1. Pop out the Kirkwood hydrodynamic radius of chain A from its pairwise C-alpha distances, inverse of mean 1/r, in Å to one decimal.
2. Classify the stretch B:5-97: rounded, prolate or oblate, from the alpha-carbon gyration tensor (a ≥ b ≥ c, eigenvalue square roots; a/c under 1.5 rounded; otherwise prolate if a/b is larger than b/c)?
3. ³J(HN,Hα) across the stretch A:199-205 via Karplus (A = 6.51, B = -1.76, C = 1.60, θ = phi - 60°), whole Hz, x for Gly/Pro?
4. State the answer as a single residue: which of A:His54, B:Ile111, B:Ile210 lies farthest towards the positive end of the charge dipole of the protein assembly as shown, with beta carbon charges of +1 for Lys and Arg and -1 for Asp and Glu, about the Cα centre.
5. Separation between the B:Tyr177 and B:Phe103 pseudo-spin-labels, each 7 Å from Cα along Cα→Cβ, expressed in nm?
6. Using a simple charge model, +1 on the beta-carbon of Lys and Arg, -1 on the beta-carbon of Asp and Glu, nothing else, what dipole does the protein assembly as shown show about its Cα centre, in debye to the nearest 20?
7. What are the residues whose amide H is under 5 Å from the amide H of A:Ile34, where those residues sit 5 or more places off or on another chain and H is modelled from the backbone?
8. Under a crude label model (7 Å from the Cα following the beta-carbon direction), how far is B:Gln149 from B:Glu309 in nanometres?
Amino acid sequence: MAYFSIENLSISFGGLKAVNNISFNVEKNEIFSIIGPNGSGKTTIFNLISGIYHPDAGAIHMEGENLVGKSPDRVARKGIARTFQNIELFANATVMDNLMLGRHIHMKTGIFGGAFMFGKRSPAAREEVKHRERVERIIDFLELQSVRDQFVGSLAYGKRKLVEVGRALALEPKVMLMDEPSAGMNTEEKDDLTIWIGDIREDYGVTILLIEHDMNMIMGISDHVFAMNQGEKITLGTPAEVQKHPEVVKAYLGEEVIS
Amino acid sequence: MDMKRDYYEDIELFSSGTILFWTVVLLVALFAAPLILSNYHAYLFNLIMVHVIVAVGLNILVGSTGQIALGHAGFFAIGAYATVLLMTELSIPFFAALIIAAFIAAFFGFILGLPALRLEGPYLAIATLAFGLAIMHIIGHVELFGGRQGLMAPALNIGIPQLGLDWEICSEKGKYYLILSITILMTLFAVNILKTKAGRAFVAIRDSDIAAEVIGINLTIYKTLAFAVSAFYAGVAGGLFAFVLGFFDPFTFHLILSIIFLVMVVVGGLGSVMGSITGAVLITYLMYDLFKNVDEIPVVGDLMVAVSEQWLTVTGMDNFSMIGLGLVMIGIIIFEPLGIFGAWIRVKKYWKTWPF
Ligand SMILES: Nc1ncnc2c1ncn2[C@@H]1O[C@H](COP(=O)(O)OP(=O)(O)OP(=O)(O)O)[C@@H](O)[C@H]1O
Ligand SMILES: [Mg+2]
């Protein structure tokens, strides 16, 4: 069985079949990209995986376990982290606190333990320090040091997207879902991000599902590309194969050229 | 980067020497205050500190977690009644009774938190408001709770009488030290909670519940926890309040009191412990001192009394507390939605960059 797979996944909103009988396998530690025109159902697949939506039919398996029916927080505890297309950060918290929130499932301090955080040697303080060190490494990795203590709401768009990546990484996920991470970034930021996504796979050992509109980025870093349109699969293959597929050229790339 | 950082700095109680210095100054002043306070002012301070405890707890729910709550007089009542009844009916020592009462209030908070999982904004406001009213009416109808006649607080013995350890506090100033110590402790607890896992989870839920869920925060647990924590605070405050008043009846915990609590938090500054304290101090002073004794205000006092007699009801000065409260609230919302604490942060920023 594949490391991560979705099988015959379907969901409709009213009469609209947003995701229609979609299946694919993702191997451990690969970068698996999903492409398709606007409204084709890419984000909906992520929402189904995260447990935000529940499918009408189909299954989602990771390491042999079906994730369908689990609430989003349970899915997170299984080792799946994600970023959002329309940034969902904690705007009135600092970058540090946003990333520390990524450590939530790894921390044990309860309400009483927290209340009694008196002194450096209290269990709560020791746990805080330990996890802050970890988060600091992610801050260094994504070069967020200069905004470490700033409120996320005041950051530029590109930085905020990065903070989301950092927060997802802080979960120490097995699988990371990235929904258009490069949207709104300038070329330089995109180049950095492309390298970091590679590092996240290599150094952190994360399996990555990536939704992107930037074809250069997709073709450069993906192991497999899944193309879809209007909730249905068009094709699945290596970047080179998918790029040549006539329907992809028509449905997706064609539209890119026009717009 | 091989610069070694001490991450404890981030979470230290006193993040700078200046803060530590002023905290010590404030504490010395607070502990020395009874030397010059009149009995009346000791009573007023006690009332203020009790309200500080409520506001600090309520702000965790309203400010940090983003849940509206209009029924905290209910938890306050539970704290007061439970503490007194545990002492008088079951002879439980004061501190144990206070803690048990606070946990009872927290349990009710947890129960009220359950419907809150499905309610938002105005619906949650109505549900919590109904809770506050229900508590008041239930208490009024039960003989054990003293019915409409109310209850008398017993002697404030903070020892353990069963072991022959008696320590009875009779004076206002004695109560002042007791309440001050508990207020400081409860405030420190809140500061710490907000710096650790649960506090961050509360803020996460407020800012984006969807993102909170996908990073593994269980909304059911943390929303009900926020209700329970803030109810716990109100419970502790209620238990102390019983002894500040000495005598209370269901009407003491009227709906208006819930609203006053909420005003304290909004006026002081949502989501900030310092804001809660500022709001509680200011609103309590205005409502229970300044506006109550309008005729003693220099120059305008007599005029206001005349106005009251001429245009408002004959019941007198109570009008001014309500009008004053309304005006403060409107003023804050128009001029400083972040509350007094928000204004203070701005002033501080201004001076930091001045004169550049
Ligand atoms: N909660 C919902 N209720 C109703 N319709 C929805 C809902 N979520 C998604 N849809 C619809 O499902 C379709 C697929 O949406 P989705 O967001 O998955 O597209 P997408 O491929 O991510 O597009 P984009 O590239 O613009 O992000 C769209 O027509 C959208 O309007
Ligand atoms: Mg999308």
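1. 19.2
2. The shape class here is oblate.
3. Karplus-based 3J(HN,Hα) across the stretch A:199-205 equals 5, 4, 5, 5, 7, 9, x Hz.
4. B:Ile111
5. 2.9
6. 740
7. So A:Ile34 has HN proximity to A:Leu210, A:Ile211, A:Glu212, A:Phe226.
8. 3.8
The values are calculated or read from the model by the stated rules, or taken from the named source; none is laboratory data. Computed from a predicted model, the values in this text were never measured in an experiment. Note: ideal-geometry Cβ built from the backbone for every residue, glycine included; neighbour counts use all protein chains shown. Protein only, heavy atoms only, side chains kept; ligands, DNA and RNA dropped before computing areas. Shrake-Rupley method; radii C 1.70, N 1.55, O 1.52, S 1.80 Å.
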